[in-house]
Amino acid sequence: MDNVSAPGGLTPEQVIAARQEYGPNVLPEPKKPSLLVLLLRQFTGFLVVILIIAAVIAFALGEVVDALAITLVVILNGVLGFVQDWRAETALESLREMLSPQALVIRDGAEVIIPAEEIVPQDLIILNAGDRIPADGKLLARADIEVDESVLTGESMPVSRGPGDLVHAGTSVVLGRAEAIVMQTGTRTEFGQIATLTGDVGTRQTHLQVLLGRLAKRLGLAALTIAAGVLGLGLLMGRAPIEMFMTGLSLAVAIVPEGLPAVVTITLALGAAAMVRQKALARRLQAVETLGAASVICSDKTGTMTENKMTATRIWTPGADYDVTGVGYDPAGHIERDGHRIRAADDPTLERLLNIGQICTHASLRRDGSEWVTTGAPTEAALVTLALKGWSPAPERNAVVAEVPFSSDRKRMSVLARKAGRFMQYTKGAPEQILEICTSTDEGPLTEGEQVRIKSAYEAMAADGLRVIALAYREQERDVIEEQDMVFAGLVGLIDPPRDEVRNAIRQARSAGIRIIMITGDSPITARAIADSLDLPNRLVLTGPELDGLSDDVLDEALRGDVLFARTKPAHKMRIVASLQAQDQIVAMTGDGVNDAPALKQADIGVAMGIRGTDVARDASDLVLLDDNFATIVRAIGEGRRQFSNLRKFVRYLLSSNAGEVVALTVNIMIGGPLIFLPTQILWMNLVTDGVTAVALGLERAEPDEMKHKPRPKSASILNARGFLTIATLGIYTGAASLWIFLSLQHVSVELARTTAFTAMVIFEKMSVFAFRSLHLPCWKIGWFSNPLLLVALVAMLGAQALAVYWTPLRTLLRTVPLGWSELQMIFWFTIPLIIVPELVKTVLHLRRSKVAA
């Protein structure tokens, strides 16, 4: 594209032609599923498909009640999932803050403000401090600005840009004014290309989706296999085909935990709602649980681990060293010398240095409610804040009478100001450029030895990751600026400080066996300094160029140790995430800039910032932190672990309940007896009574040691060998007990025997829930009443079963008869072991573990 444009900008005809050729200056909206697609995808799970098939078969056989009951469950599950997905998409839309951005352009010889989306290539745009650059462009003559490119590169410090330099869409001007010719718009910009790269990354299934899918297929295949086997056996034995179809359907319904999809959906939805109250928005129900399985968190530094607010932390003058407290632009901190607080009025050298920072600036600081708001470059705002911390007197209004602005060549800025009837020249900039125009200090002549001492102080600050600004002054007899024979005032060290809560969050994550890897666009020195301040191990620091030279094997080895990455680009982040995933790690990636978006989508769980985050990053993420607080991630990890632990509990609970039903049904069929449970009774047990209790079980609080365990292996399944043993043990007991009750009463009547066995199985399943409240701690340890909702659900479901036996409408639906005291007593004595035995076993194991630990 030609780098020329008329001095007066484009004409209306040229604008129309360019817009037809290049289109609007917008990024394509990520393709969002329609409401119909959102609804339909709730019915694609394997267990849900099995239920749909069962409903069709039941309807075909004339069992309308059974078919309607199964259909109701499928619809309920689908509606719950649809509502959560829709709410997540709607909530994300409400986070979009960049509404109708404007741009100042020169067109047809006049300056006009237009919507940024109307900009076309070859437009002349005017950029002022505070503007967000609307398109990629090339700066024209006499341009000299500082640009914050952190959203694109991850680099926390503004960079200087002059004539001929490129500036990019999405970045911001923090200092100066310039004109630029637009080179690229929309998807052709650097910003747009990264957004396109994000779109090229395929959507990954969450870890929970993989585990649940695997479990559903196994259970579904088991149900179909056993049901088909029993059907075939019954036909071989000469039983009626319709009876055996219903028997096979009963077995399939008994094996498949129909309540599982609904229970998982409800539990995850409640967990997602709880996380919103803790400032984390899950865009997918499984997102929080997957974060709970994370073994590595790859985190951006700027704005995620740090405040994204430049802060002065150290002052050096030839006569003294000073420390500065406080973070960000809140002037509530103070300046200390030798451990004592000091004000500018008590130290003339300090007062002069602070006064230079106040006057030689374009920044300002004001209070807006409870927040301090700045304008101008972050470095200058930090110096203004520093002056307020030292109680430096405010400069006279309109004191500055002349200025030589900062430039990328000179790397310094000078102003001339009136003070007490005379002129004072103040200069600030890079230490080397300030030293070359100084001839003295407040202590005397600037000798070679003194220069060495200043350089040593500067290098010591830089080695600690600080950005160092030097300040100087001189008296002027004339109202002109002369950058020579100046007095060196001192050095100020600044840094983008880490957030207060991040150090503790990292400590908690590491105690939970989770590694934190910092990936930043900043310099290695700054990255290591921040990592050290956060107690983040970093024996190895690799830069982007160094990463380019590493083979996959060498990178794999580096990622097994304590490493951090600096000067990285989007492709580097994706390669790091992919390498970790090749190690079977579950990778979470946090970030807020467009440069983070591809890796956010590549990661197992992408965590974007809701306040500072770009739309591109949020659209690529699975979880959005509404408060941009790194500590929220740790809380989300704890919530995810609680969800998975509770998921394991209620899966075992539901399957142990179903196992008892399968044992009773199968053995009864083998001995040639009538159906012990009818299909509607099985649905009642599995969906109504078990489902409600399982949801309450899913609300169990996190166990005390939840965040003291290492992350579960990626290969870990929802059901392990111990889980199968528990399910088998309880299934055999409850199945045998209900079958014994059925056979004992069959001589009275099949209806009474079936109703008693049905009620017994419901009560067995309700009372066995206490065995699953914790998989290794007894109830007296976690508290019998610590989950009041479970007790409410238990009482409610026992009441529902009483209605099923004694209320005529439900008796008709479930084909039950009233029970007497003798039948209820029989059920009671079989129920007691289900409460006592698990408690005794877990108590013995707990005491044994405690003794070993002691």
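The values are calculated or read from the model by the stated rules, or taken from the named source; none is laboratory data. Because the structure is predicted, anything quoted here is derived from the model rather than measured. A quick note on method: Cβ atoms are made from the backbone with ideal geometry, for glycine too, and the neighbour counts reach across all protein chains shown. Areas reflect the complete protein model, heavy atoms only, side chains present, ligands, DNA and RNA absent. Shrake-Rupley method; radii C 1.70, N 1.55, O 1.52, S 1.80 Å.
In the range 714-802, how does Rg compare with the Kirkwood Rh, expressed as the Rg/Rh ratio over alpha carbon atoms?
That ratio equals 1.07.
Taking θ as phi - 60°, what are the ³J(HN,Hα) couplings along the range 769-786 by the Karplus curve (6.51, -1.76, 1.60), each to the nearest whole Hz, with x for Gly and Pro?
Listing the rounded values in order: 4, 5, 5, 10, 5, 9, 7, 9, 10, x, 5, 5, 7, 8, x, 4, 10, 6 Hz.
If the chain between Ala736 and Arg478 were fully stretched, how many nm would it gain, using 0.36 nm times the residue separation less the Cα-Cα distance?
Length gained between Ala736 and Arg478: 82.3 nm.
At 0.36 nm per residue, minus the direct Cα-Cα distance, what do Lys851 and Val79 gain on full extension? Give it in nm, one decimal, please.
Difference between extended and current length: 273.0 nm.
Roughly what % antiparallel, to the nearest 5, for the DSSP beta bridges in the chain?
Taking every DSSP beta bridge with both residues in the chain, the antiparallel ones total about 75 percent.
Using a Förster radius of 30 Å, what is the FRET efficiency between Lys708 and Thr843 based on their Cβ-Cβ separation? Nearest 0.05, please.
0.90
Which ³J(HN,Hα) values, rounded to whole Hz and listed in residue order, are derived for the range 798-812 from phi using the Karplus coefficients 6.51, -1.76 and 1.60 in 6.51 cos²θ - 1.76 cosθ + 1.60 with θ = phi - 60°, glycine and proline given as x?
Residue by residue, the range 798-812 yields 5, x, 4, 5, 4, 5, 5, 9, 10, 9, 4, x, 6, 4, 5 Hz.
What is the packing order of peptides 108-114, 379-385, 524-530, taking the mean over residues of other C-beta atoms within 10 Å and listing the highest first?
Result, highest mean Cβ count within 10 Å first: 379-385, 524-530, 108-114.
Mind listing the long-range amide H neighbours of Gly490? Cut-off is under 5 Å, sequence gap 5 or more, other chains count too, H placed in the peptide plane at 1.01 Å from N.
When sequence neighbours closer than 5 places are left aside, the close amide H contacts are Leu471.
Tabulate in residue order the Karplus-calculated ³J(HN,Hα) for the range 523-532, using 6.51 cos²θ - 1.76 cosθ + 1.60 with θ = phi - 60°, rounded to whole Hz; enter x for Gly and Pro.
6, x, 5, 5, 4, 5, 4, 5, 4, 4
Express the accessible area of the range 506-664 per residue in Å², computed with a 1.4 Å probe while the remaining protein chains stay in the model.
Heavy-atom accessible area per residue stands at 28 Å².
Between Ile114 and Trp807, what is 0.36 nm times their sequence separation minus the Cα-Cα distance? Round to one decimal in nm.
Answer, rounded to one decimal: 242.3 nm.
Cα axis of helix 259-277 to longest principal axis of the chain: angle in degrees, 0 to 90, nearest 10?
30 degrees
Could you tell me what fraction of 2.2 N^0.38 Å the Cα radius of gyration of the range 618-735 comes to, as a two-decimal ratio?
1.43
Where q = 0.19, 0.24, 0.34 Å⁻¹, what log10 of I(q)/I(0) comes from the Debye formula for the range 742-781, counting one point per Cα?
Reported log10 I(q)/I(0), two decimals: -0.59, -0.72, -1.00.
Enumerate the amide H contacts of Leu175 below 5 Å, restricted to partners 5 or more residues apart or on another chain; note that Pro and chain-start residues carry no placed amide H.
Result for Leu175 returns Gly130, Glu146.
Based on the Cβ-Cβ distance from Ile836 to Phe724, what FRET efficiency comes out when R0 is 25 Å, to the nearest 0.05?
The formula returns an efficiency of 0.65 here.
For Asp496, list long-range residues whose amide hydrogen, built 1.01 Å from N in the peptide plane, is under 5 Å from its own amide hydrogen.
For Asp496, whose amide H was placed from the backbone, the distant partners under 5 Å are Thr311.
Quick one: order His340, His362, His572 from most to least accessible surface, probe 1.4 Å.
The residues order as His340, His362, His572, largest area first.
Once label points are set 7 Å from the Cα along Cα→Cβ at both Ala17 and Ile53, what is their separation, rounded to one decimal in nm?
Between Ala17 and Ile53, the label points sit 6.5 nm apart.
Can you order the peptides 120-128, 600-608, 755-763, 445-453 by their average number of other Cβ atoms within 10 Å per residue, highest first?
Ranking, from highest mean packing down: 600-608, 755-763, 120-128, 445-453.
Dimensions of the range 309-457 along principal axes (Cα, Å, largest first)?
50, 38, 33
Return, for the Cα atoms of the range 381-538, the radius of gyration and Dmax in Å, separated by a comma.
For the range 381-538, the Cα-based Rg and Dmax read 19.8, 66 Å.
Taking the Cβ-Cβ separation of Asp409 and Asp548 as r and a Förster radius of 22 Å, what is the calculated FRET efficiency to the nearest 0.05?
Given R0 = 22 Å and the Cβ-Cβ separation, E is 0.10.
Compute the Kirkwood hydrodynamic radius of the range 491-535, taking the inverse of the mean of 1/r over all pairs of distinct Cα atoms, and give it in Å to one decimal.
11.7 Å
Give the Rg/Rh ratio for the chain, taking Rg as the radius of gyration of the Cα atoms and Rh as the Kirkwood radius, to two decimals.
Rg/Rh: 1.11.
Projected area of the range 666-817, taken from the Cα convex hull and averaged over every viewing direction, in nm²?
10.8 nm²
Could you sort Trp316, Trp784, Trp829, Trp372 by accessible area so the largest value comes first, with the probe set to 1.4 Å?
Trp829, Trp784, Trp372, Trp316
Considering just Cα atoms, how many Å³ per residue does the convex hull of the range 548-629 enclose?
Convex hull of Cα atoms, per residue: 90 Å³.
Count the DSSP beta bridges whose two residues both fall in the range 410-485, then state the antiparallel fraction as a percent rounded to the nearest 5.
The answer is about 100 percent antiparallel.
Based on alpha-carbon centroids, what's the gap between the range 709-763 and the range 640-663 in Å, whole number please?
12 Å
Give the Rg (one decimal place) followed by the Dmax (whole number) of the range 381-447, computed from C-alpha coordinates and expressed in Å.
Cα radius of gyration and Dmax of the range 381-447 are 13.7, 37 Å respectively.
What's the ranking of 672-680, 656-664 by average number of surrounding C-beta atoms within 10 Å, highest first?
Peptide ranking by packing, descending: 656-664, 672-680.
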